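K.L.:
Below is one structure. I have some questions about it.
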Amino acid sequence: MHTDEPITTVIHPRIRWVFRLLVNTLYLVVLLIAVAYGLLWWATATSSVSTHGETDLGGGDIEVPSLREEKTNDQSALTQSLVNTWADRNFEDWQQQGKVNMTRVLLGKLAVAREIEAVNRYLQSAQVRGTVGSTGPFHPGGDYDFTLAGLCLILYAFGDKPDLLFPETVNHIVNVLMTEEGGTPIIYTPRVLGLPLRDTENHILMTEGSRYLKNRWLQLHGDSSSRFDNSTNGLERFLLEYLGHMERAGFHEYNSRPYIGYTFTALLNLQSFADEPVRNAATRILDRANWEYAIGSLQLRRFPPFRRQPVRAGDTDLDGDYHTAMVKTWMSLRDSNTEQFQVRSGEHQALWVSFTSYRLPDKTARWIARKPVEYFIRMGHGDDGSPEIYSGGPGFLITAGGVAQDRFKQAVARPITLMLNDNQLGLADLLQISGSATDYRQWNNTGVYKRFAVGQTIEVPWDWSPVVESGKWVIYLQCAQLIAVYADEHMALFYLPPGDDAEEMLARIIQLNGDSENLIRQFTTVDEEVIRYNIDTKPGAWVIESISGIVQDRDHGAWPLMTGPIEDAEAHPVHALGCGPLRP
C-alpha cells in the first residue's frame, strides 16, 4: 500500500526509545560503578592495614624485659661469617640486584675493607632504580624503599670513614640515591585509583625511616635548613605516632614471611641512628617482639600463625623465618660457644646485627635459651588478626595454629603443634592437630590450654611408638615427656600429663574422663581441672569455653598484646626435660 507519509515519522519514535534506553543504561552503569567504588573505598578505608593501631589492645599483665646488664660481644663467629659471605660475592647489576642483594654485598666489602675503590666506583655510578612503596598492577616500579634501607645503613656505618666510603660517594648517596627527604610522609599505597589503602608497615617504615635518617644526616653534617629538621618539619611526630600504633596493637604483619625481617631492618636503623625519642620507641617495639619470640619458641624453632604472604602457607620449616635468623645472630653475641649458631635462612636480614647497636634484654635471651618455668600465654592481634596461644615450659612448647579471618585474605592459620627438646626442624616431625577442611581459612586452631590441645584431626610423627594403649587412647614417651593422645572420627586431642608412669597416667585419665562421648565437649586433667571446649567454634572466638566452671574470655579479637601471667622463675624452678641442647 502506497503512502506519502514521511518515513521519519515512523522511525523517530524508535530512535527516541533506543536513545532513552542507552541513556538510562549509561546512568545505571555510572551508578553501579559509583556504588562499587564507594564500597571498595569503604573496604580499604576500614581494613586493618589502614586502621591498625587505632585501637589500644593494652599491654596485658606481663612486663616486657628491658634490662641489659650482662656482657655481650661486638662480633661473633656467626656475624663474621655473615659479613664474609656477603663480602665474597661478586658485583652484580644495580638495576636488577639493588633492591636487596647489592646493598648487602657493599656492606660486606666495606666491613672487611675489600675492593674499596671498586665499591666506591660502583656506588658513584648507581642511579635511582625505582620509586618507593608497594609494587602492583598500577605501580610496577616500586620497592625502592628496600634499597633506601640498605643505603641508610651504608651511610651511617661508613659515611664518616672517608678512607672506606669516599666523600664524593657519600655525596652521591645522599643527594642522588636517597630520594626521600623533608617532612611529608608517604602513607598510602601508590596508584591504586585514589583508594585510601595505607601501605604496609614494612614499606612505610623503610620509606619514612630512610627519609628521617637522610634529614638527620644532613643536619648532623651542617645543613641547618628547616626542611631537614625532623623535630619541626612534622616527620618525627609522624614516626612517633606510627610507632605508637605498633606499641598499641603490635605488628600488623605479625610473624610475616618474609616481611617481618624488613620491618626489623627499618626498626634497627632507627634504633641505632635516630634521635632519642624515635630511638626509644623503636627499642620498646623490638624488645616486645623479641620477648614474644622467647615465649613462642623452643630451641630457636617456632611455628606460629602469620599475616603475609599467604603463598608461604606451605612453608614447613621451623627455623627458617627471618626473625629466627636475627635472634640466632643476637644470641651468638652472648654465647661463648659462638660456633654453634648457624643461620639457615635470612642471612640478608641477620647481617644487620653486625652494623647496628640493638641487643637482646638479658631475661629475653635467657628465656630464648631455656624456659625456666611453665607458662600459659595468650597474645592478641586485634579483631582482624589471629591470636597466638602458647603452653610451654622446660622441654616443651604447644603452639596454637590460630585462625585466618582477615578481610583481604593475607593471614595464614597453621596446625597446632607440640615441640620437644629433640632438635627437629620440620613440621612432619611434630605432633600436630589441624582442622578437618583442606582450606586453612576454615580452621579454628585455637584449642590450646595448659599442657593440652584439642581440634578435629591429628597427625602423629611416623617414628613415634606407643608405650601403652587402651581403646582410642595412646600414650607416647618422647624426650622424657609422656604424651597422651585421643582420636576418633569426630575430634582429636593430646595432653601432657605429669609424672613418668605411663600406665598409671593412662588409667587416671580414663577414670576421670569416663565415657569417651564426653570428650567431644570436655576433658579433665589428672589434677581434676575441667576444660570445656567447642571444636566447631567459628574463627572469631577461642575454642576453649570454660576452665573448671569459670567462663573464659573467648573474644580473642579484644585480647591484650600479652596476658599470662608468668610465675617467678626463682620462686618456682623447674628442671628441664629433654633430649637435646639449644638448637643452633
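K.L.:
How about Lys328: which lysines have a C-alpha closer than 25 Å to its C-alpha, ignoring those fewer than 8 places off in the same chain?
P.N.:
Within reach: Lys71, Lys99, Lys109, Lys363, Lys371.
K.L.:
Run the dipole for segment 290-439 about the Cα centre, Lys and Arg Cβ at +1, Asp and Glu Cβ at -1, nothing else charged, and hand back the magnitude in debye, nearest 20.
P.N.:
Values: 17 positive and 17 negative charges, 55 e Å.
About 260 debye.
K.L.:
Counting only complete DSSP H runs, which helices of the chain cover 30 Å or more along their long axis at the Cα atoms and score a mean Kyte-Doolittle of -1.0 or above?
P.N.:
On the way: long enough: 8-45 (54 Å, 1.28).
Span-like helices, by this rule, are 8-45.
K.L.:
Which distance in nm do the two modelled labels at Asp93 and Ile510 give, with both placed 7 Å along the Cα-to-Cβ direction?
P.N.:
Label at Asp93, label at Ile510, 6.9 nm between them.
K.L.:
Moving on. To the nearest 0.05, what FRET efficiency results for Asp223 and Glu70 with a Förster distance of 45 Å applied to their C-beta separation?
P.N.:
0.65
K.L.:
Positive end of the dipole of segment 74-175, charges at C-beta (+1 Lys, Arg; -1 Asp, Glu), about the Cα centre: which of Thr135, Leu164, Val119 has its Cα farthest in that direction?
P.N.:
Thr135
K.L.:
Let me ask you something else. Taking the beta-carbon count within 10 Å as an exposure proxy, list His323, His381, His221 from fewest neighbours to most.
P.N.:
Ranked by crowding around the Cβ, least crowded first: His221, His323, His381.
K.L.:
Separate question: Match the structure shown to one of the listed values [x] 23.8, 77; [y] 28.5, 113; [z] 25.4, 93 of Rg and Dmax of the Cα atoms in Å, computed from it, and give that label.
P.N.:
Here Rg and Dmax of the Cα atoms in Å agrees with entry [y].
K.L.:
Now for a separate question. Let me spell out the model: positive unit charges on the Cβ of Lys and Arg, negative unit charges on the Cβ of Asp and Glu, origin at the Cα centre of segment 374-558. What dipole size does that give, in debye rounded to 20?
P.N.:
Once rounded to the nearest 20, the dipole reads 600 debye.
K.L.:
Near the amide H of His139, under 5 Å away, which other amide H atoms are found, from residues 5 or more places off or on another chain, if H is placed in the peptide plane?
P.N.:
Those lying under 5 Å, H to H, from His139: there are none.
K.L.:
Using a 10 Å cut-off on Cβ atoms, rank the peptides 540-546, 17-23, 225-231 from the highest mean neighbour count down.
P.N.:
Result, highest mean first: 540-546, 225-231, 17-23.
K.L.:
Taking the highest mean first, how do the peptides 506-518, 342-354, 249-261 order by number of other beta carbon atoms within 10 angstrom per residue? Each step should come with its number before you reach the end.
P.N.:
On the way: 506-518: 13.7, 342-354: 21.8, 249-261: 23.9.
My ranking of the peptides, most packed first, is 249-261, 342-354, 506-518.
K.L.:
Now a separate question. When the Cα centres of segment 459-478 and segment 400-439 are compared, how far apart do they sit, in Å?
P.N.:
21
K.L.:
Moving to a separate point now. Among Leu300, Val460, His12, whose Cα sits farthest toward the positive end of the charge dipole of the chain (+1 at Cβ of Lys/Arg, -1 at Cβ of Asp/Glu, about the Cα centre)?
P.N.:
The one lying farthest along the dipole's positive direction is His12.
K.L.:
Also, quick follow-up: Quick one: dipole size for the chain, taken about the Cα centre, charges +1 on Lys/Arg Cβ and -1 on Asp/Glu Cβ, in debye to the nearest 20.
P.N.:
So the dipole magnitude of the chain works out to roughly 1560 debye.
K.L.:
Follow-up. What's the FRET efficiency of Asp555 with Gln442 using the Cβ-Cβ distance as r and R₀ = 22 Å, to the nearest 0.05?
P.N.:
It comes to 0.65.
K.L.:
Suppose only helical runs count, i.e. DSSP H with n ≥ 4. What mean residue ellipticity at 222 nm does that imply for the chain under -39500 (n - 2.57) per run, divided by all residues and rounded to the nearest 500 deg cm²/dmol? Walk me through the numbers before you get to the answer.
P.N.:
On the way: 16 runs with 204 residues, N = 584.
Theoretical 222 nm ellipticity from helices: -11000 deg cm²/dmol.
K.L.:
With a point put 7 Å past each Cα toward its Cβ, work out how far Asn171 is from Lys409 in nm, to one decimal.
P.N.:
5.3
K.L.:
Which one, Tyr259, Tyr322, Thr364, projects farthest toward the positive side of the charge dipole computed for segment 249-385 from Cβ point charges (K/R +1, D/E -1)?
P.N.:
My answer, from the dipole projection, is Thr364.
K.L.:
How far is the Cα center of segment 75-97 from the Cα center of segment 15-66, in Å?
P.N.:
Taking the Cα centre of segment 15-66 as reference, the centre of segment 75-97 is 44 Å away.
K.L.:
Peptides 105-116, 69-80: what's the order by average Cβ count within 10 Å, highest mean first?
P.N.:
Per-residue Cβ counts within 10 Å, averaged per peptide and sorted highest first, yield 105-116, 69-80.
Readers should treat all values here as calculations from the given coordinates under stated rules, not as data from a laboratory. Quantities reported herein were computed from a predicted structural model and do not represent experimental measurements. Neighbour counts are summed over all protein chains in view; Cβ atoms, including those assigned to glycine, are modelled from backbone coordinates with ideal geometry.
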